[in-house]
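One structure is given here, and the rest of the page talks about it.
The values are calculated or read from the model by the stated rules, or taken from the named source; none is laboratory data. A quick note: this is a predicted structure, and the numbers were derived from the prediction, not measured. Cβ coordinates were reconstructed from backbone atoms using ideal geometry, including for glycine residues, and neighbour counts include every protein chain displayed. Ligands, DNA and RNA are stripped out before the accessible areas are found, and what is left, the full protein with its side chains, is counted by its heavy atoms. Shrake-Rupley method; radii C 1.70, N 1.55, O 1.52, S 1.80 Å.
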Amino acid sequence: MEVREQSIQLKTSLEVAHMRRPGRAVAEVLRALRHSIRAGAATEDVASDAERLIEKLGVEAALKGYRGFPRAVCVSVNHVAVHGVPGDHVLAENDIVTVDLTLRKDGWHGDSAWTYLVGVGTPDTRRLLRAAWTATVCGIQAAVAGSRFGNVGEAIEEAAKRYGCSVLDRFVGHGIGRSIHEEPMVLHTGEAGTGGPIVPGMVFTIEPILSLGEAGVYALHDGWSMVTSDHSLCAQFEQTVAVFSDRTEVLTWNGGQEALRADFPPF
Ligand code: MF3
Ligand code: CO
Ligand code: CO
């Protein structure tokens with residue numbers, strides 16, 4: 001029988017130091033893309049803007065060619081939960097758009113996703129964004145050395161519930177390092193006090209997808225996009241975190257540790 005914990009690649013602090021570079025590059029690109037998300041832009045224009053920036057930063061677009069994915073970013077609009085393929089779909093006022101980006105530098109990866117509103121949004125989309133942000137930050141706050149993965153899942157689920165949102169529980173976070181997807185699997189639901197232990201040297205993503213409706217999804221015929229079964233809107237804030245004995249560092253955030261607060265969303 002496979003013992004999962006044995007395949008978790010713990011990182012030394014030197015290795016985490018290497019991972020800061022792709023992490024910060026991801027943060028920088030996602031921040032700059034705020035200006036690309038506007039009514040009238042096609043999702044492939046967003047991808048082109050991202051790819052130009054990535055080249056300028058001298059990092060590699062890890063998603064391009066990953067399992068045959070064609071572009072550097074996934075762009076998922078409205079009820080598309082994940083893996084939207086950039087194309088000729090044109091953004092309209094009040095759409096909500098999730099961009100997921102993974103970059104590599106010197107063989108190490110950083111992975112983050114951000115949801116943007118086109119225009120000022122509606123009361124519902126603003127509640128959804130706030131819920132998704134809070135869920136991710138509460139998950140990160142539970143992801144400290146000595147805690148367990150069930151605490152992370154419970155914190156995320158509780159935050160989602162407070163806003164009347166669902167967690168799409170078939171999508172999970174993942175260990176990350178020299179590969180995009182490593183052990184452990186990070187569930188976004190669960191019960192405190194259960195699950196594997198969180199120990200120093202772990203580097204993984206927390207990336208809950210929340211919807212305003214049900215948690216079910218199905219695949220579209222393009223072979224990539226997953227959409228909510230009730231076509232409810234979705235949002236996702238993914239971050240890559242590194243666990244140290246005395247703190248957990250968010251590698252894909254360049255807004256300062258203080259600003260990453262559950263009650264203070266940066267939008
Ligand atoms: N970045 C995604 C994640 O969070 C992976 C996207 S895989 C792709 O795990 F092939 F769809 F790009
Ligand atoms: Co990820
Ligand atoms: Co991602």
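For Thr134, indicate whether it is over 22 Å from Val203 (Cβ atoms), away from ligand 1 (no atom under 16 Å from the Cβ), surrounded by fewer than 23 Cβ atoms within 10 Å (Cβ to Cβ) and of a type in the set (S, T, N, Q).
no
For the stretch 193-227, name all the residues that are within 16 Å of ligand 2 (Cβ to nearest atom), under 22 Å from Ala155 (Cβ atoms) and either part of a loop (DSSP other than H, G, I, E, B) or of a type in the set (S, T, N, Q) (or both).
Passing the criteria: Met202, Thr205, Glu207, Pro208.
Do we find that Gly68 is within 23 Å of Ile176 (Cβ to Cβ), open to solvent by less than 60 Å² (accessible area, probe 1.4 Å) and not hydroxyl-bearing (Ser, Thr, Tyr) in this structure?
On the way: within 23 Å of Ile176 (Cβ to Cβ): yes; open to solvent by less than 60 Å² (accessible area, probe 1.4 Å): yes; not hydroxyl-bearing (Ser, Thr, Tyr): yes.
When the stated conditions are applied, Gly68 passes them.
Residues Arg67, Arg71: which one is of a type in the set (D, E, K, R), modelled with pLDDT of 95 or more and touching an Asp or Glu at 6+ places or on another chain (Cβ under 8 Å)? I'd like the intermediate steps shown before the answer.
On the way: Arg67 fails: touching an Asp or Glu at 6+ places or on another chain (Cβ under 8 Å).
None of the other options fit; the residue is Arg71.
Here are Gly223, Gly177, Gly190: which of them is out of contact with any strand residue (DSSP E or B) (no Cβ under 7 Å at 6 or more places or on another chain) and within 14 Å of ligand 1 (Cβ to nearest atom)?
Among Gly223, Gly177, Gly190, only Gly223 is out of contact with any strand residue (DSSP E or B) (no Cβ under 7 Å at 6 or more places or on another chain) and within 14 Å of ligand 1 (Cβ to nearest atom).
Only one of Asp106, Asp88, Asp124, Asp111 is modelled with pLDDT of 95 or more and within 16 Å of ligand 3 (Cβ to nearest atom); which?
Result of the check over Asp106, Asp88, Asp124, Asp111: Asp111.
Determine if the stretch 176-186 includes at least one residue that is within 16 Å of ligand 2 (Cβ to nearest atom), open to solvent by 10 Å² or more (accessible area, probe 1.4 Å), acidic (Asp, Glu) and over 13 Å from the mean Cα position of the chain (by Cα).
There is at least one residue in the stretch 176-186 that is within 16 Å of ligand 2 (Cβ to nearest atom), open to solvent by 10 Å² or more (accessible area, probe 1.4 Å), acidic (Asp, Glu) and over 13 Å from the mean Cα position of the chain (by Cα).
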